[in-house]
Amino acid sequence: PGGRTAASLDPVTALESVLRPALAVGRCHVAFSGGRDSSALLAVAADLARREGHAKPVPATLRWPDAPRSHEQGWQ
């Protein structure tokens, strides 16, 4: 808004500015691990989609069985 970069905005407005184009083109998938950061991102995307009449974002949880260090089930 007003020519400002996302870095100069409050956090929610900054997230909305980068999520808006993805929501506007159709189904937007949000990587979701269940942690605080991905939960916040999904919440902002869902709120923005609802307010602007876009389809709900789709949470996507990815699993890599051959990469044991990426497993997060224990703390989720």
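Tabulated data for the structure shown
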| read-out | value |
| --- | --- |
| Carbon plus sulfur fraction of accessible area for the range 7-76, probe 1.4 Å, in percent | 58 percent |
| Anisotropy class of the range 9-48 from Cα gyration tensor, a/c 1.5 cut | oblate |
| For Val30, residues with placed amide H under 5 Å, excluding near neighbours | Val58, Ala60 |
| Cβ-placed point charges (K, R +1; D, E -1), dipole of the range 15-54 about Cα centre in debye, nearest 20 | 80 debye |
| Point-to-point label distance, Ser70-Ser39, nm (Cα→Cβ direction, 7 Å offset) | 2.3 nm |
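The values are calculated or read from the model by the stated rules, or taken from the named source; none is laboratory data. In this text, all values refer to a predicted model and were calculated from it rather than measured experimentally. When we count neighbours, we look across all protein chains shown, and the Cβ atoms used for this are built from the backbone with ideal geometry, even at glycine. Only protein heavy atoms, including side chains, enter the accessible area calculation; ligands, DNA and RNA are left aside. Shrake-Rupley method; radii C 1.70, N 1.55, O 1.52, S 1.80 Å.
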